[in-house]
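J.: After the structure tokens below, expect a handful of questions from me.
The values are calculated or read from the model by the stated rules, or taken from the named source; none is laboratory data. This structure is a prediction, so every number in the text was calculated from the model and none was measured. Ideal geometry is used to build each Cβ from the backbone, glycine not excepted, and the neighbour counts take in all protein chains shown. For accessibility, only protein heavy atoms count, side chains too; no ligands or nucleic acids. Shrake-Rupley method; radii C 1.70, N 1.55, O 1.52, S 1.80 Å.
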Amino acid sequence: SFMAPLNQIADFALDQNRSAPSSVLRAVLIVMVLLAAFLLFQLEPLTGKIITPRFGGTAGTWSVCLFFFQMVVLAGYGLTWALTKLKERSQVLIYAALALASLYWQQIPAPAQWLNASGDPALEVMALLLKNIAVPGLFLASISGTVQVWYARARFGDPYPLYAVSNVGSLTALLSYPLLVEPN
């Protein structure tokens, strides 16, 4: 059944007697936050660049793209808030399901695949972004907050330095995109 692997993930995540030292688990959580922020802030300019051949590089196209990603980040915060209201097992199950769903949508479509409909460009851009980027974007946007909650609950210490880790990941992505990703 679909729930069997998710239950195994939940059992592992909630196992208080796991053999991994807390320093290793702490490092894994920190790297998760760093990578999630990095990938989310690589996804935005990459997606914007992919859609500009179809819709043009106008301010309207970029504004819709920016609005979409701001809403994804806000939804990620909302998801984190909602998950913290649930029991830990439910949190892990839902989060694992979201991770698996985001794997389904992991590929950014080629520019030719963005050429679907015609009509209002703003609505078309938003529809294409929702169809192709919303689930993985939501997953990436929710990692930082969710990991911070789990970090605090695991009694690893103050989770607020993870905000700085997230900011480092975001800034690294924003700086590396025009310098490394775009030219290559």
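J.: Could you work out how much longer the chain between S102 and K49 gets when fully extended? Use 0.36 nm per residue separation minus the Cα distance between them, nm to one decimal. Spell out each step's value before the answer.
T.: Numbers: separation 53, 0.36 × 53 = 19.08 nm, distance 2.12 nm.
Result: 17.0 nm gained on full extension.
J.: Once the whole set of protein chains is in place, how much accessible area is left on W105, using a 1.4 Å probe, in Å² to the nearest 10?
T.: W105 has an accessible surface of roughly 90 Å² with all protein chains in place.
J.: Between R153 and V24, how high is the FRET efficiency from 1/(1 + (r/R0)^6) when r is the Cβ-Cβ distance and R₀ = 22 Å? Nearest 0.05. Please list the in-between numbers first.
T.: On the way: r = 17 Å, r/R0 = 0.79.
Using R0 = 22 Å, I get an efficiency of 0.80.
J.: For K87, K49, K131, give the ranking by accessible area with the largest first, probe 1.4 Å.
T.: K87, K131, K49
J.: Report, by chain and number, residues whose modeled amide H sits under 5 Å from the one on W105, excluding near sequence neighbours (fewer than 5 apart, same chain).
T.: Here the answer is none, since no amide H 5 or more places off falls under 5 Å of that of W105.
J.: Give the carbon-plus-sulfur fraction of the accessible surface of segment 140-184 in %, rounded to a whole number; probe 1.4 Å, heavy atoms of protein chains only.
T.: The value for segment 140-184 is 66 percent carbon and sulfur by accessible area.
J.: Please give the solvent-accessible surface of L130 in Å², to the nearest 10, using a probe radius of 1.4 Å with every protein chain present.
T.: Here the accessible area works out near 100 Å².
J.: Let me ask something else. With all protein chains present, how much of the accessible area of segment 49-95 (probe radius 1.4 Å) comes from carbon and sulfur, to the nearest whole percent?
T.: 69 percent
J.: Extension gain V168-K85, at 0.36 nm per residue separation less the Cα-Cα distance, in nm?
T.: 27.0 nm
J.: I'd like the accessible area for E44, computed on protein heavy atoms only with a 1.4 Å probe and all protein chains in place. Round to 10 Å², please.
T.: E44 has an accessible surface of roughly 40 Å² with all protein chains in place.
J.: I'd like to check one number: the per residue accessible area of segment 43-184, probe 1.4 Å, reported in Å² as a whole number. Write down the numbers at each step before the final one.
T.: Numbers: 7790 Å² over 142 residues.
Solvent-accessible surface per residue comes out at 55 Å².
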